Amino acid sequence: MMFWASGLIYLRTRPTCLSTDSSILQARLDMEVVVNRLIHSLRTRGAPPLRRLFFLPVAVLFVWQPFVANARGAPDSFADLAERLLPAVVNISTTQKVKRQGGPHQGPQFQFPEGSPFRDFFDRFNRRPGDQPARRVTSLGSGFIIDRSGYVVTNNHVIEGADKVTVILHEGKKFDAEIVGKDKKTDLALLKIKPGDTELTAVPFGASNKARVGDWVIAIGNPLGLGGTVTAGIISARGRDIRSGPYDDYIQTDAPINRGNSGGPLFDMKGAVIGVNTAILSPSGGSIGIGFSVPANLAKNVISQLREFGTTRRGWLGVQIQTVSPEIAESLGLDAPKGALVAGVLENSPAEAAGVKQGDVIVEFDNREVPESRKLPRMVAETSVGKDVAVRVWRGGKEVGLTVRLGELEKVDQASITTRGSRRNSPKDASQEIDALGLALSPITPELTEKFEIEESTKGVVITDVKKGSDAEERRLRPGDLIVEVSQEPVALPADVASQVEKARENGRKVVLLLVDKDGDMRFIPLRIKEE
């Protein structure tokens, strides 16, 4: 038993912070030696079988506890990783001409004849602010080399409007850069330099989808123009939507990021780029531990297209969508709020050709589930142009399968497309109050058309009053809005609305879904039916 006790003491005093592969391996070997000695002691000393059965599991538990609990300890240092990666991170300097602002000159205007000795002296007083030459403005950012031939990734806002872009290596060498392509929607840009005899260090993109909240990361960039700077932190969150564009899916990190870090890389512990540092959330402009990076899985697809075509080539479906709230899900008979609700179908779009209808809920796209509406634009954008895609929609209480051949977003003239379904005049009828919805409604009349500036060729029912304290008021419905559909059925008269509300009651529904035209913007709005 003395050996048994000493074995426990040995195990308890083993280091519990195993931060490197070698220390973990050594600890495992040491533990195996102890276990073998323990088993040998029990056998040679004739321990009863019951005692053996008791001591062995306990021994294994003590052996493996420190290993399992501390296998992912904090790194001892980031120095080796930083030394390897710093040469691949560059500073980016841009210059552009900015016109001086100025209004009409209010000072005295001195006039002298040609050849007068006073004319040259007073010319400076006669110059108007608008006549002054444009000044040159310099800004700084960061970037990283992805190919030894000279391709550099950065943010679009770093080089936006620049007349000249200069890439500065970690060692100080400077190169003029050509803008290969840029994408405002993801705020990414690709540059090209000619390194000549200079040997460049490149870094690869990693798999950002495998990064987990809590993983260590390091950011390298040019904060506040100081030059190559390394900061460390963890992944704080994934899939952040900061409302900067249609494809927001940011990695959030607490690794300090400041002005000048834009366009710099966010590395994992293997030295792969899992994000492009793009934005911070800060009331002061400095780091407060909330930074955002474009995930590598999104960035590498965009950069690949910029490198091949000089622009992006995104798939285009041609629908206007909105979020499926719990109330909308209930009104449509969905078992949970999911998918993307089609608020409008654009004319001559792939969606229209495939038979997608206003009021459909897209629940699957290209055999992938659509968990929420904001995920759909990215799923469509990442799909190849011209591909035949299987789409499943929720329509009339059941799923319907469709096939859509995607168009190319960049070729669409957004100004020339309109939402399917022009509005038409409705017959006159007396106004009616729908107490169940807290609304007063009227058919479209010339008086209401003039009062609310309703365009010609309209359809639907006009809201003339909204009851205070009603669900309609909370949903921000207001007089002048047009109800186009109720429960996905077109309405032209207040009586049509009342009929659909009554039908919903009979079916046990507590919510009706309205399609509302608010100044040309079609939105689905769920309203609770007031109990009688």
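Taking a straight line from the alpha carbon of residue 338, these aspartates and glutamates sit under 14 Å away, with near neighbours fewer than eight places off in the same chain left out: 327, 330, 360, 364, 369, 372, 399. Taking the Cα centre of each part, how many Å lie between region 259-278 and region 509-532? If we compute the Cα centre of each part, the gap is 44 Å. Annotation: amide H of residue 181 within the under-5 Å range of 190, sequence separation 5 or more or interchain, hydrogens built in the peptide plane. Here's the list of lysines a cross-link from residue 530 could span, going by alpha-carbon distance under 18 Å and ignoring same-chain residues fewer than 8 apart: 467, 468, 503, 510.
Note on region 193-314: with charges restricted to the Cβ of Lys and Arg (+1) and Asp and Glu (-1), its dipole about the Cα centre is near 280 debye. The charge dipole of region 302-347, taken about its Cα centre with unit charges on the Cβ atoms of Lys, Arg (+1), Asp and Glu (-1) only, comes to about 380 debye. With viscosity set to 0.692 mPa s and temperature to 37 °C, compute the Stokes-Einstein D of region 436-514, Rh being the Kirkwood radius across alpha carbon pairs; µm²/s, no decimals. Roughly 254 µm²/s, to the nearest whole number.
Using alpha carbon centroids, what distance separates region 329-387 and region 453-469, in Å? Going from one Cα centre to the other spans 28 Å. Within region 469-509, the ratio Rg/Rh, alpha carbon atoms throughout and Rh by Kirkwood, equals 0.99. The listed residues 309, 175 rank as 309, 175 when sorted by accessible area, largest first, using a 1.4 Å probe.
Largest to smallest in accessible area, the residues 531, 330 fall in the order 531, 330 (1.4 Å probe, all protein chains included). Simple rule: put +1 on each Lys or Arg Cβ and -1 on each Asp or Glu Cβ in region 334-383, find the dipole, and look at 350, 336, 362; the Cα lying farthest toward the positive end is 336.
The values are calculated or read from the model by the stated rules, or taken from the named source; none is laboratory data. Source: prediction; values computed, not measured. Every residue, glycine among them, receives a Cβ derived from its backbone with ideal geometry; neighbour counts consider all protein chains shown. When the accessible area is computed, the model is the full protein with side chains, heavy atoms only, and any ligands, DNA or RNA have been set aside. Shrake-Rupley method; radii C 1.70, N 1.55, O 1.52, S 1.80 Å.
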